[in-house]
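Participant: One structure coming up, written as structure tokens, with questions to follow.
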């Protein structure tokens with residue numbers, strides 16, 4: 001195999017324009033215009049679900065403290081959406097967005113992501129940039145461009161004190177509110193470098209403390225009902241761990 005590759009390279013490198021093309025600013029366009037660059041594979045919904053799930057594993061592997069985070073956010077997102085009566089198709093898109101919401105963290109240093117203490121001013125600015133990174137990355141991928149808004153706005157707050165744009169309630173769609181609630185709930189109930197995981201009841205209490213300011217009470221109510229329906233209510237922390245291992249009903 002290696003000998004064949006070397007032979008093929010020698011053959012193409014003897015072309016008169018090979019080295020000038022390789023050094024050309026138009027190299028990307030030349031490559032994409034050649035086979036197999038123009039070979040297109042149509043992706044169905046199942047394939048897109050698999051791609052999103054695969055990317056989620058790459059994202060969460062960035063830090064030991066985010067292991068499984070995207071999968072769990074997708075699960076809680078789906079539970080909230082189902083409780084709110086969102087239809088299957090919309091839930092499927094929401095799940096993909098939840099799986100990909102933190103893709104921008106790939107552009108944040110691990111010295112920031114894994115820091116056990118309080119972040120400094122510059123470190124906090126770096127951390128906050130991940131939302132804008134997520135929006136930019138997803139907006140450039142046609143199949144996932146619908147998730148760009150959620151990726152960019154999942155840290156916005158109803159009172160306008162979120163980031164990166166400081167959006168207010170009327171500017172934050174319900175899809176974003178759902179994923180945002182799921183994201184914070186998982187962050188509270190999972191270990192972090194600066195604190196251990198919180199019990200479910202305490203996490204829900206914190207969400208309720210910020211209801212109407214940080215998170216939508218409709219989403220918190222839906223999450224609470226979904227957890228209660230799964231027999232997790234107030235003392236289901238062990239069951240919560242088991243639930244997080246189950247596939248979402250949305251896809």
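The values are calculated or read from the model by the stated rules, or taken from the named source; none is laboratory data. As the structure is a computational prediction, the values presented were derived from the model and not from experiment. All Cβ positions, glycine included, derive from the backbone under ideal geometry; neighbour counts span all protein chains shown.
Participant: From the set of residues in region 186-222 that are in a loop (DSSP other than H, G, I, E, B) and in contact with a helix residue (DSSP H, G or I) (Cβ under 6 Å, 6 or more places away or on another chain), which is farthest from residue 174 (Cα to Cα)? Full working, then the answer.
Facilitator: Kept after step one, since they are in a loop (DSSP other than H, G, I, E, B), are these residues of region 186-222: 189-191, 193-194, 196-199, 210, 212-214, 216.
Keeping just the survivors that are in contact with a helix residue (DSSP H, G or I) (Cβ under 6 Å, 6 or more places away or on another chain) gives 189, 193, 198-199, 216.
Details: 189: 23, 193: 30, 198: 26, 199: 26, 216: 9 Å.
Top of the filtered list is 193.
Participant: List the helices (runs of 4 or more DSSP H) inside region 77-161, counting only whole elements, that have at least 2 residues being over 28 Å from residue 217 (Cα atoms) and modelled with pLDDT under 95.
Facilitator: Numbers: elements: 88-100, 110-113, 121-139, 148-153.
Per the criteria, 110-113, 121-139.
Participant: Got at least one residue in region 56-75 being at positive phi and either modelled with pLDDT under 85 or in the same structural domain as residue 155 (by TED's automatic domain parsing) (or both)?
Facilitator: Our first condition is that a residue be at positive phi; within region 56-75, this holds for 68.
From the residues that got through so far, the ones that are either modelled with pLDDT under 85 or in the same structural domain as residue 155 (by TED's automatic domain parsing) (or both) too are 68.
Yes: region 56-75 contains one or more residues that are at positive phi and either modelled with pLDDT under 85 or in the same structural domain as residue 155 (by TED's automatic domain parsing) (or both).
Participant: If you don't mind, another one. Does residue 134 fit the bill of being over 23 Å from residue 111 (Cβ atoms), within 12 Å of the chain's Cα centre (by Cα) and crowded, with 21+ Cβ neighbours inside 10 Å? Working first, answer last.
Facilitator: Numbers: over 23 Å from residue 111 (Cβ atoms): no; within 12 Å of the chain's Cα centre (by Cα): yes; crowded, with 21+ Cβ neighbours inside 10 Å: yes.
No.
Participant: Hey, another quick one. Determine which single condition residue 143 fails, assuming it passes every other condition in (1) free of Cβ contacts under 8 Å to residues at least 24 places away in the same chain; (2) loosely packed, with under 15 Cβ neighbours inside 10 Å; (3) in contact with a helix residue (DSSP H, G or I) (Cβ under 7 Å, 6 or more places away or on another chain).
Facilitator: All conditions are met except number (1).
Participant: Shifting gears a bit: Condition (residue is surrounded by fewer than 19 Cβ atoms within 10 Å (Cβ to Cβ), modelled with pLDDT under 95 and assigned by TED's automatic domain parsing to the domain that holds residue 70) applied to region 176-189: is it met by at least one residue? Even if it seems obvious, please write down each step before you answer.
Facilitator: The first filter runs over region 176-189 and keeps only residues surrounded by fewer than 19 Cβ atoms within 10 Å (Cβ to Cβ), leaving 187.
After this cut, where a residue has to be modelled with pLDDT under 95 as well, the list is 187.
Keeping just the survivors that are assigned by TED's automatic domain parsing to the domain that holds residue 70 gives 187.
Looking for residues that are surrounded by fewer than 19 Cβ atoms within 10 Å (Cβ to Cβ), modelled with pLDDT under 95 and assigned by TED's automatic domain parsing to the domain that holds residue 70, one finds at least one in region 176-189, hence yes.
Participant: Which condition from (1) within 20 Å of residue 85 (Cβ to Cβ); (2) under 24 Å from the mean Cα position of the chain (by Cα); (3) at pLDDT 60 or above is the one that residue 214 breaks?
Facilitator: Residue 214 satisfies all of (1) within 20 Å of residue 85 (Cβ to Cβ); (2) under 24 Å from the mean Cα position of the chain (by Cα); (3) at pLDDT 60 or above except (1).
Participant: To continue, here is another question. When region 104-118 is examined, which residues are found to be loosely packed, with under 15 Cβ neighbours inside 10 Å and touching a helix residue (DSSP H, G or I) at 6+ places or on another chain (Cβ under 7 Å)? Don't jump to the end; show me each part of the working.
Facilitator: Let us first name the residues in region 104-118 that are loosely packed, with under 15 Cβ neighbours inside 10 Å, namely 109-111, 114, 116-118.
Result: 109, 114.
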